[in-house]
Each structure stands twice: as structure tokens, then as C-alpha cells.
Amino acid sequence: MQDRTYYVIDPEGKLRCRKCNVKLEKGRAKFMYLDNGFPVELPVCPRCDFVYVPEALALGKVLSVEKALEDK
Amino acid sequence: MSKIQERGSTHVYKVNKISKEEMDSMVSLCVYEDPPYCNAACPLKLDTRALMKAVAEGDFKKALQIYEKIAPFPVLLSQCCEAPCEGRCRMGEVGEGISIRDIEATVAANGEVTKSGGVFRRKKRQTVALFGSGLFALFLAGEIEKKMYPLTVFCEEADIEAYLKSAAAFLDEQSFAIELKRLKSKDIDFVFGCELSPKFFEEKRADFNVLCASEEAAKCFFKDAQCDRALMYYEAEKLVMGSGSGTMDAAFGAKKAALTVDRLAQKLSPANMRGEEGAVDTRLYTDMSEARELKRVAKSGAVYTKEEAMAEAQRCIQCRCEECMKSCAYLKHYKKHPGLLSREIYNNTQIIMGDHQLNKPMNSCSLCGQCAVVCPNGFDMAQVCHAARRNMVSTDKMPLAPHEFALLDMLFSNEEAFLARPQPGVEKCKYVFFPGCQASAIAPATVRAAYEDLSDRLEGGVALMLGCCGAICDWAGRYEMQETTREFIKNELSKLGDPIIIAGCPTCKKELSESVGGEIIGIWDVLEQIGLPEGAKGLSRPAAMHDSCGARGDEATQNAIRDLAAKLGCELLETEYQRDESPCCGYGGLTMYANREVAHEMAEKCLERSDAPYISYCMACRDRFAREGRESRHILELVYGTDAGNPPDISEKRWNRLTLKNNMLREIWGEESEMAKLPYELNFSDEALEMMDDRMILKSDVIAVIEHMRETGAAIDDEDTGYIMANHRVGNVTFWVALTEDAEGYTVHRAYSHRMKIVKGNG
Ligand SMILES: [Zn+2]
């Protein structure tokens, strides 16, 4: 479980942190919901750790996993 | 504002709010699974309804398969069975019952004979011997062969034709030929020309595991042979035996005997575990309005032709109780009768580990109670679903997601937007007006006009209470929250000196009667007394009246509303499902939050009754019908000449409540309460507004994101879209906003949310 990454998004240099003025990089993050955790790789600011969740991810994979967990 | 605690998924199982026994007694009220009358009357348990359907559709092959399940010799049975089914056919009550036996005869004569594929069927190991002939023996031979026991028949007859003749001498030539062919195709060993003597029996008995005989043969073997008619068993000699006084009696006797053979072969007591045998009672309800063709189809010859049999079978109304499913969009959606759906929902509440697949169905019922009224037996799906929700909450298995928005909305009504004040200049008011949260959210001007009218025209002072009655947490099954809400409202009422509550909404009236008690009347009752205010005017076109599910069983309220409508000069149309039978608009039970599709189907079901404008007396109904594009008015809008117009979105519903409170505080009670003004311009694209309403994202959620971004500076630039992307977690939800910034402020272009928390690193 620990080694598996459920979702990977590469920022491809198109996202920039406004606070730190640096480009977001692909970084490790974790989704947590109802006592469950899922490792993912998302665009992350290397300085301030801001993690970006794109709309398609939030309304797609994230939503379906939420629904599955809610009915556990 | 208050938050609601999200559940964990590994909580300890706590308490059951409803026992298995209580559930079983509720489920037993549903008669859907009761057999139709014809089937109940048949000792052989022929699925007559299915057989009639197959014939009506012209599928004689399938019809014969159904018939063969209970009749090893269909032609024989159909020609001489006494047909107890026909006497119970419900069609007989309004006209002539279906000629079931004649149809069976045509099926038996015309259906394709099912091949008993002897080679492929695996025989059982226990062997059976059957001595003697006659109708009972023939039927029993057929039953035993069907049960796959290797069977040897010992008879005096010289050949198989003589054997069949001994049982069915009355068959005409053609019928005899069919049954002879069928008998020959059966996997039975015949030993013809036997002398059925006690000696012969003694010689053979050790060679078989189970022994059977016709009554005649049995009496020849044992002078005193006598069987127990329930088991067809002569226990002293371990002999399965019997006869029949008529065809049905012989066929039923053979069925009972075959079951005894089965039990004996398994070395089990023949008296136990036999299940339900023979004809039974049934409680099935049948809507006789389906009956069209009351007269029997005449036979052109001795038997029905296939076409005649089809026409006769088409008269069958296929007795089935679907009263609730006809009237309820929810049950129709899930295509399950309530007995079955309830059992599944109850089982869902008992799952400790694993998927709760019935969460959504359980949360999709509007708890409106219509089923209990239309069901001839009073089955109440609301009771089941409500208890199940409370069970899920009590065991901490209830997901918060489907109901959180509504619950937070209720907290908003009872916190930020709550208002309780006595009428200015009156210390202890006789009344308090409680318009209900949806009225303030959807038609604030109507609420204000109603309050001003009541406080103006009623003696003794009228206080005002803007808030939620607690129906929302009640529907969600959140019984602890319900208790808190009850205490809160009780306390606020007590501060006002426990005045008589004038409810503006039938659901509030019902909820408050059950929770805080005291004297509660409806504004409709008051208006009936004091008359309409000046300027009250009905619709110029005839309208349909939609009764509120909150007023189910409350005839006085239903009458008072109609009386008001008449005084307003409204012409009301007669529609289906009125008064106590009224369906829910989809707001009740929080259906519109848990299952939008079903809520939409509910609204459609309400609106299919008429093309006219709808008048309702619940603001939620008014709103949902307007959202479906129908001209829809709350009766109080007509009374006070205040058109609430187009339905507000979710943010406007909150804004309406807040501004109503603040405006009334300022203008009636002289209390200044500043609405917080944003220090920047905030605009929304049309796309964003539509998206937010659809995704249940409030403007206040978006503002929380922007405030957070302004405070912390946390946000990113997306080069592709040119948007600034900012986020913030409010309660259990993380909101994301795509915006652009200019000198004056911000424009919101998109918004979305997720409930999962996100953390950097591997955690
Ligand atoms: Zn940063």
C-alpha cells in the first residue's frame, strides 16, 4: 500500500506559487479521508508546501474515492 | 458558525434504534410477495399468474414449462383437475373469472413437450420401488422421476399402454397419445405382469431404499394398511402409499408422497421440514379498476384454440399490489417493492465492516408518508428509512456528506439568521409567528408582509421567530442535533413567554407539535378567522392545489387552505393524489441533497398531475416546482400580493434570510445591525454562479477562500488559464476558487470542492 501512488500529476512548469514566486514541482502528498490515507503525486511548491488539487482530479478520482469511503 | 463533526470509519458499534423484530413486523405489512388468489388456491402451487402472462403473450412453450413444474402429466391434469383457482379469480367479482383450466388444456395440448434429457441428468443413489397402478401411482411415478430417483414400477398390467389406461381411461385418443409419449420418455423402469402379492412384496422390499404403493396394492400386501393423509405414509411398514378421491386429490397426494419419499431417502423424519403444502391464504391487494374484459371468451370447439386461449389469458389483470410504486417516484426509481427494499435497508444498517450499498436508497426517501396512505395495508416506508437513518447515525456509520449542506443550512437559520423578538411595545405576546426557514429563504417579502399583517390585526401581540423548526436534522436522523434544536427553540419560546405558535409551514407545525408541544396553529387558521387582508388576490387562471406532505392526515389544514383559495377567488382543478395522498416535491426527507435524480423525479411526479399553475402551502414545494419551470405560487404570496419571483440560488437563500432579519431588526425594532461589507469588489461570472449552485458552494465559502488568500498570500498562478487558484478548508470541505484580480477586486470564474484533506509529504 505504502509504495503505491494513486495519482500522479506533473505541473509541467506551468504553475507558479504566488507567495514564493517559484514553479510548482511534482511532489509527494497524501489524501486523508475518514481514517484512510492515499499517497499521490501532485504539483507542490518546494518552498511553502502548497499542494494544488486540479478541478478534474477533485471532481473525478477524489470524489469517487470519497463516495466509496463514505459508504464503508 | 457551528461545525459538524465528521465521523471516523473505525468507530465502535453502539446502539440499534430499531430492532430486527420491529423491522420484521413493519416488513410483514407489505403484501407484494403474497401469492395471487388463483395461485394461493392451488394445492399444487401452480404459478397461474406467470402461466396466464405467457399465454397472453402467445408463448405456449414457456407456458407449458410453467405448467409442467407442477404437473408431470399436463394433459391429464388439465382435463380433469377441479380448478379451485377459478373460484378465487378476482375477475369473478366484477364479471366472469378467467377460464384457467380451459387455458391449461390448450397449453397442454399445444405446448412443446419439454424433453427430459435423461442422459445428462445425474440420478440420485437411493432407489425407489413403486407397486401398483392407477391415477395416484401414475402421478407419484412422475413426481419421483422428476426428483431424479432411480425408479422401478411393478404392476400387473401387461404393457405401458395398459398402465396409462388404468390411470386415465377417460382420455380421448389424441390426449392419450400425447401422455403415452410423455410417459415413455420418462426414465422409469417398468416391470409388467407382476402378481402383487405379499410374497412378491417381501421378495422385493430389500432391494430398494424407499417403497411406495397404490392403496390397492398396499392393502393387498398388508390387510390393515392405512396411511397418514398428511404424509401419505404407512409408518408401520415404512410404506409410502395413497390414492385420490379425485384428480386434484390424487395429484396433491402424489406431491405429498413424493416429498415423503425425498425425506425417507435422506433418512430424515418425513414429518419435519416439509415447508408450506397445499392451498394457502393470501392478503394480496388487487386494484380491480384494471379489469376491462369482463366476459369469458367463448370456445369455438371442445377446447380453446391457441388464439382463443390467448384472448382469454389477456383478460387476466395479473393481480399484483403496486399501489405505492404507482404513486411514489422513489419506489418507482428503485424498482423494488417496499417489503424487499426495507429488508435490504435494514440489513444495510447492520453491516459493521464493508460496503453500505443501501445508504443512498435509504437517504433518498422523502419520508413523506404517502405510501402509508395509498398502501391498502398502511406500509410506511418513511418509518423504515427514518429508523434506518437513526440507526446509521447511532452506530456512527452514517456518512455526513449527503446531509452536511442541509444541516449547516439549518445551523445558519438558527444562528446567524435567527431572530426572536416580541412585538414592539408588547411585553408578553399572545402569539409568535414562526414562518419557517424556507419561507424566509425563498419569499422574504411575504414573510415580512405576513408578520406586519398579523401584528397589526391580531389582539394580544405577535412575536416573531425566524429559524428552523428542526425538521432538517430530524430527517437526517441526527437525533442528538434534533434534541439540541428542540431545547434551543423551547428556550427561545420560553423567553417570549410561551406564546401560541402561528406556523407558516405545515411541516414546521408538525415538527414543533412533536418537539416543543404547546398550542400551535397555522397562519391559514388565523386568516380563516380574521379574513384576508386588503389586496389579496388569487390567480386569474385555474390552478392545481398541491398539498404539503407536512399536512398529511391534517384535514383541518387541507380544508383551511382550500377555504383560503376560494376566498382568494382561485379556481382549483381536481387532480390525482390530492390531500392525504399527495406526493412529495423532493425536498422532504432531504432527498434533494442525497439524490438529486430522485428528487427531480418526485417533482415531475407532482407536476404530471396537471399542466396548470400550482398553488402550494409549503415554500419548499413552491421553490421546487418553480425550479422545474412551472408557474408556482405559495398561497401566502397570493394573500399578501408578494410575488417571490424566480427561485433563488443557494447563496441567495442565505442572503435572503440574513437581510430579512437585519431589515426587520432595523425597521421594526430599531436595532442597527450592520451587514459586513467586503473591502473589495467581488464579481462572479455566470458560469461560476451556475457551477456554485450545482456544486453546493456558497458565496460565503468563496469569500472564505479569498479572505484566506489575502491573509496568507497562499495561491498559485496557472499559466494555461491565467487564473489565480486559491483554496481554503471550511469545516469538513476544502474549497478551490479560480479567480482574476484587478484594481477594484476579484472576479470568480470557477469553484469546486473536495472533502478529502490533503497533506504534503508521505504523512
Ligand atoms: Zn510557495
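The values are calculated or read from the model by the stated rules, or taken from the named source; none is laboratory data. A quick note: this is a predicted structure, and the numbers were derived from the prediction, not measured. Cβ: placed from backbone, ideal geometry, glycine included. Neighbour counts: every protein chain shown. The area values use the complete protein model at the heavy-atom level, side chains included, leaving out ligands, DNA and RNA. Shrake-Rupley method; radii C 1.70, N 1.55, O 1.52, S 1.80 Å.
If you take the residues in segment B:731-763 that are among the hydrophobic types (A, V, I, L, M, F, W, C) and farther than 16 Å from residue A:53 by Cα, which one is surrounded by the fewest Cβ atoms within 10 Å (Cβ to Cβ)?
Only one residue fits best here, namely B:743.
Residues checked against (1) in contact (Cβ under 8 Å) with a residue 40 or more places away in the chain; (2) over 26 Å from residue A:37 (Cβ atoms); (3) not assigned by TED's automatic domain parsing to the domain that holds residue B:455:
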{"residue": "B:659", "(1), (2), (3)": "yes, yes, yes"}
{"residue": "B:669", "(1), (2), (3)": "yes, yes, yes"}
{"residue": "B:691", "(1), (2), (3)": "yes, yes, yes"}
{"residue": "B:701", "(1), (2), (3)": "yes, no, yes"}
{"residue": "B:706", "(1), (2), (3)": "yes, yes, yes"}
{"residue": "B:735", "(1), (2), (3)": "no, no, yes"}
{"residue": "B:741", "(1), (2), (3)": "no, yes, yes"}
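Hand me the list of helices (runs of 4 or more DSSP H) wholly inside segment B:351-398 holding 1 or more residues that are in contact with a Leu (Cβ under 8 Å, 6 or more places away or on another chain) and surrounded by fewer than 24 Cβ atoms within 10 Å (Cβ to Cβ). Reasoning before the result, please.
Values: elements: B:359-364, B:370-374, B:381-394.
So the answer is B:359-364, B:381-394.
Within segment B:443-484, take every residue that is open to solvent by less than 10 Å² (accessible area, probe 1.4 Å) and touching a Pro at 6+ places or on another chain (Cβ under 6 Å) and give me the one that is farthest from residue B:591 (Cα to Cα).
Per the criteria, the residue is B:463.
If you check every pair at least six apart or on different chains, which have Cβ atoms under 6 Å apart with a residue in segment B:712-724 that is assigned by TED's automatic domain parsing to the domain that holds residue B:746 and under 19 Å from residue A:48 (Cβ atoms) first and a residue that is within 11 Å of the ligand (Cβ to nearest atom) and open to solvent by less than 50 Å² (accessible area, probe 1.4 Å) second?
B:714/A:50; B:716/A:15; B:716/A:17; B:716/A:52; B:718/A:15; B:724/B:715
Would segment B:209-216 turn up any residue that is hydroxyl-bearing (Ser, Thr, Tyr) and assigned to a loop (DSSP other than H, G, I, E, B)?
If we filter segment B:209-216 for residues that are hydroxyl-bearing (Ser, Thr, Tyr), which is where we start, we get B:214.
Within this subset, residues satisfying the condition of being assigned to a loop (DSSP other than H, G, I, E, B) are none.
Scanning segment B:209-216 turns up no residue that is hydroxyl-bearing (Ser, Thr, Tyr) and assigned to a loop (DSSP other than H, G, I, E, B).
Can we say residue B:724 is closer than 28 Å to residue A:26 by Cβ, away from chain A (no Cβ under 11 Å) and open to solvent by less than 60 Å² (accessible area, probe 1.4 Å)? Even if it seems obvious, please write down each step before you answer.
Details: closer than 28 Å to residue A:26 by Cβ: yes; away from chain A (no Cβ under 11 Å): no; open to solvent by less than 60 Å² (accessible area, probe 1.4 Å): yes.
Answer is no for this residue.
Say we look at segment A:55-66 and pick out the residues that are facing chain B (nearest Cβ under 8 Å) and of a type in the set (D, E, K, R); which of these is nearest to the ligand (Cβ to nearest atom)?
Just the residues of segment A:55-66 that are facing chain B (nearest Cβ under 8 Å), to begin with: A:55, A:58-59, A:62-63, A:65-66.
Remaining after also requiring of a type in the set (D, E, K, R): A:55, A:66.
On the way: A:55: 20, A:66: 27 Å.
Among those that are facing chain B (nearest Cβ under 8 Å) and of a type in the set (D, E, K, R), it is A:55.
Collect the residues in segment B:528-550 that are in a helix (DSSP H, G or I) and touching a helix residue (DSSP H, G or I) at 6+ places or on another chain (Cβ under 6 Å), keeping them in residue-number order. Can you show your working first?
Kept after step one, since they are in a helix (DSSP H, G or I), are these residues of segment B:528-550: B:528-530, B:549-550.
Correct list: B:528, B:530, B:549, B:550.
Return the residues of segment B:146-164 that are assigned to a helix (DSSP H, G or I) and modelled with pLDDT of 95 or more; say none if nothing qualifies.
Step one: filter segment B:146-164 for residues assigned to a helix (DSSP H, G or I), giving B:146, B:160-164.
Passing the criteria: B:160, B:161, B:162, B:163, B:164.
Only one of these is in contact with a strand residue (DSSP E or B) (Cβ under 9 Å, 6 or more places away or on another chain) and of a type in the set (A, V, I, L, M, F, W, C): B:160, B:103, B:178. Name it. Can you show your working first?
Values: B:103 fails: in contact with a strand residue (DSSP E or B) (Cβ under 9 Å, 6 or more places away or on another chain); B:178 fails: in contact with a strand residue (DSSP E or B) (Cβ under 9 Å, 6 or more places away or on another chain).
After applying the criteria, what remains is B:160.
Inside segment A:29-54, can you point out the residues that are within 16 Å of the ligand (Cβ to nearest atom) and free of Cβ contacts under 8 Å to residues at least 24 places away in the same chain? So that I can check it myself, show each step before the final result.
Initial filter on segment A:29-54 (within 16 Å of the ligand (Cβ to nearest atom)): A:29, A:42-53.
The answer is A:29, A:44, A:49, A:53.
Just to verify a result, which residue in segment B:686-707, among those that are surrounded by fewer than 19 Cβ atoms within 10 Å (Cβ to Cβ) and of a type outside the set (A, V, I, L, M), is farthest from the other protein chains (Cβ to nearest Cβ)?
Residue satisfying both the conditions and the ranking: B:700.
Only residues that are modelled with pLDDT under 80 and more than 29 Å from residue B:380 (Cα to Cα): list them for segment B:8-50, please.
Within segment B:8-50, B:8, B:9, B:10, B:11, B:12 qualify.
Does residue B:557 satisfy the condition of being within 30 Å of the chain's Cα centre (by Cα), under 20 Å from residue B:432 (Cβ atoms) and open to solvent by less than 20 Å² (accessible area, probe 1.4 Å)?
yes
Within segment B:399-426, restricting attention to residues that are in a loop (DSSP other than H, G, I, E, B) and open to solvent by 30 Å² or more (accessible area, probe 1.4 Å), which residue is nearest to the other protein chains (Cβ to nearest Cβ)? Working first, answer last.
Step one: of segment B:399-426, the residues in a loop (DSSP other than H, G, I, E, B) are B:399-400, B:415-418, B:422-426.
Narrowing the set further to residues that are open to solvent by 30 Å² or more (accessible area, probe 1.4 Å) leaves B:415-416, B:422-426.
Details: B:415: 26, B:416: 28, B:422: 44, B:423: 46, B:424: 48, B:425: 52, B:426: 49 Å.
It comes out as B:415.
Is one or more of the residues making up segment B:211-222 among the aliphatic types (A, V, I, L, M) and open to solvent by 30 Å² or more (accessible area, probe 1.4 Å)?
So in segment B:211-222, the residues among the aliphatic types (A, V, I, L, M) come out as B:211, B:213, B:217-218.
Restricting the remaining residues to those that are open to solvent by 30 Å² or more (accessible area, probe 1.4 Å) gives none.
Scanning segment B:211-222 turns up no residue that is among the aliphatic types (A, V, I, L, M) and open to solvent by 30 Å² or more (accessible area, probe 1.4 Å).
Check off (1) in contact (Cβ under 8 Å) with a residue 12 or more places away in the chain; (2) open to solvent by 20 Å² or more (accessible area, probe 1.4 Å); (3) not hydrophobic (A, V, I, L, M, F, W, C) for residue A:21 and give me the number that stays unchecked.
Residue A:21 satisfies every listed condition except (1).
Going through segment A:17-28 one residue at a time, which ones are within 9 Å of the ligand (Cβ to nearest atom) and within 7 Å of another protein chain (Cβ to nearest Cβ)?
Scanning segment A:17-28 gives A:17, A:18, A:19, A:24.
When only residues in segment B:256-290 that are open to solvent by 70 Å² or more (accessible area, probe 1.4 Å) and touching a helix residue (DSSP H, G or I) at 6+ places or on another chain (Cβ under 8 Å) count, which is farthest from residue B:233 (Cα to Cα)?
Per the stated criteria, the residue is B:285.
Answer yes or no: is there a residue in segment B:573-592 that is in contact with a Lys or Arg (Cβ under 8 Å, 6 or more places away or on another chain), part of a helix (DSSP H, G or I) and more than 20 Å from residue B:525 (Cβ to Cβ).
Scanning segment B:573-592, I find at least one residue that is in contact with a Lys or Arg (Cβ under 8 Å, 6 or more places away or on another chain), part of a helix (DSSP H, G or I) and more than 20 Å from residue B:525 (Cβ to Cβ), so the answer is yes.
Just one of (1) touching a strand residue (DSSP E or B) at 6+ places or on another chain (Cβ under 7 Å); (2) closer than 24 Å to residue B:554 by Cα trips up residue B:385, so point out which.
(1)
Is segment B:301-321 home to any residue that is within 14 Å of chain A (Cβ to nearest Cβ), open to solvent by 70 Å² or more (accessible area, probe 1.4 Å) and touching a residue at least 60 places away in the same chain (Cβ under 8 Å)?
No; the residues of segment B:301-321 include none that is within 14 Å of chain A (Cβ to nearest Cβ), open to solvent by 70 Å² or more (accessible area, probe 1.4 Å) and touching a residue at least 60 places away in the same chain (Cβ under 8 Å).
Among (1) more than 11 Å from the ligand (Cβ to nearest atom); (2) within 8 Å of chain B (Cβ to nearest Cβ); (3) open to solvent by 60 Å² or more (accessible area, probe 1.4 Å), there is one condition residue A:10 misses while meeting the rest; what is its number?
The number of the failed condition is (2).
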